[in-house]
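Take a look at the structure set out below.
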Amino acid sequence: FVFGSMGILDIRTGNFGEAETEFRKAIALIEHVNDPASLSVFHSCLANVLQEQGKLSDVRGILCQALRIGRSMHIEPYIGMALVSIGNMYIAHSNVIRMKEENNKLSSVRSLQMLKRARNTLKRAVALEGVDAETRTEGQLALVQVALLSNELDIAKQQVNRTLEEARRFELIWLLACGQRLLGNILELEGQRDQAAQSFELALRTFRKSGMHLEYARTLRLYGMMLMKQDNMSDKSYEQGLSYLQEALKVFIECKAELDQEMVERFLAKYNFTAAK
């Protein structure tokens, strides 16, 4: 449990290499003492770390094992953790498909199929009675992401506002900040740039204070992309946005968050090409 706690702390601060090592040590010890319940928890945690590093091919088997153990022992909190992780895995797969196969009708269909699987899985997770508040809130925020990626802005906005209330009620500060970042993204897509900037700033402040470097960088990425989408490239907002993306990219490289890194690199490459043209 010491190794596991250190791994969770490493996840929060974006040290994925260390987190993976800690969780593998914890799993090795748990297997030695034959504690299947704890094995389910740390398999879910390890899967989250691998997913953050873009190692999606390694994630499915680990999560199946975590879910199988949770179900065999009828432990709803652990089942919920595994289901939320599986839902996030489907979202990640959808993002990869969209990113690597742009303007392809077949890939768009495949991406939507992944989002449908994510939604069904996450709904099962948040509906479990025994799931703890943090896991349920994580699942609800993931459902907001699904709605956002499915271009269901009204649904996403309703869901995120409800989830923000839940996060405040249970004092889940880091999830509250994640919700504020999602709200900023939704407001930007609605054309409410000033309100979006306020939400991004709130999220940045929380992540900066808590030392959550990766979540801070993810907020910088969305904020920076919004600021760079200006008609006037000489505008100060454009320069600020570019600075945010460069700072975010540096963090993603340090954290070995490969999917996040590729999103920024593709955006910058595409934007520079358009600007040059």
> What are the lysines whose alpha-carbon lies under 18 Å from the alpha-carbon of LYS123, with same-chain residues fewer than 8 places away excluded?
Replying inline: LYS157
> Largest first, what is the accessible-area ranking of GLU258, GLU52 with a 1.4 Å probe?
Replying inline: GLU258, GLU52
> Too long at a 24 Å Cα-Cα cut-off: which of LYS100/LYS256; LYS100/LYS209; LYS25/LYS55?
Replying inline: LYS100/LYS209
> So, counting K/R as plus one and D/E as minus one, what does the shell of residues with Cβ under 13 Å around VAL131 add up to?
Replying inline: -3
> Where does helix 236-255 land angle-wise versus the long Cα axis of the chain, in degrees 0 to 90, nearest 10?
Replying inline: 30 degrees
> Which sequence of GLU215, GLU31 reflects their accessible areas, 1.4 Å probe, from the largest down?
Replying inline: GLU31, GLU215
> Using alpha-carbon pairs under 8 Å, 6+ residues apart, how would you state the relative contact order of the chain in percent?
Replying inline: 14 percent
> Within straight cross-link reach of LYS250, meaning Cα distance under 19 Å, which aspartates and glutamates are found once same-chain residues fewer than 8 apart are removed?
Replying inline: ASP10, GLU18, GLU52, GLU215, GLU239, GLU258, ASP260, GLU262, GLU265
> Over the stretch 163-277, what is the mean sequence separation of C-alpha contacts under 8 Å (at least six apart), divided by residue count, expressed as relative contact order in percent?
Replying inline: 16 percent
>> Need the full-extension length gain, ARG193 to LEU9, defined as separation in residues times 0.36 nm minus the C-alpha distance. One decimal, nm.
In response: 62.9 nm
>> Give me the percent of accessible area attributable to carbon and sulfur for the chain, probe 1.4 angstrom.
In response: 51 percent
> For the chain, what is the accessible area per residue in Å² when the probe is 1.4 Å?
Replying inline: 51 Å²
>> Out of the GluC sites (Glu not before Pro) in the stretch 105-187, which ones are loop residues according to DSSP with at most 12 other C-beta atoms within 10 Å?
In response: GLU129, GLU171
> If the viscosity is 1.567 mPa s and the temperature 4 °C, what Stokes-Einstein diffusion coefficient in µm²/s follows for the chain when Rh is the Kirkwood radius over Cα pairs?
Replying inline: 67 µm²/s
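The values are calculated or read from the model by the stated rules, or taken from the named source; none is laboratory data. These numbers come from a predicted model, not from an experiment. Here the Cβ is made from the backbone with ideal geometry for all residues, glycine too, and neighbour counts use every protein chain on show. Quick note on the areas: whole protein, heavy atoms, side chains included, nothing else; ligands and nucleic acids left out. Shrake-Rupley method; radii C 1.70, N 1.55, O 1.52, S 1.80 Å.
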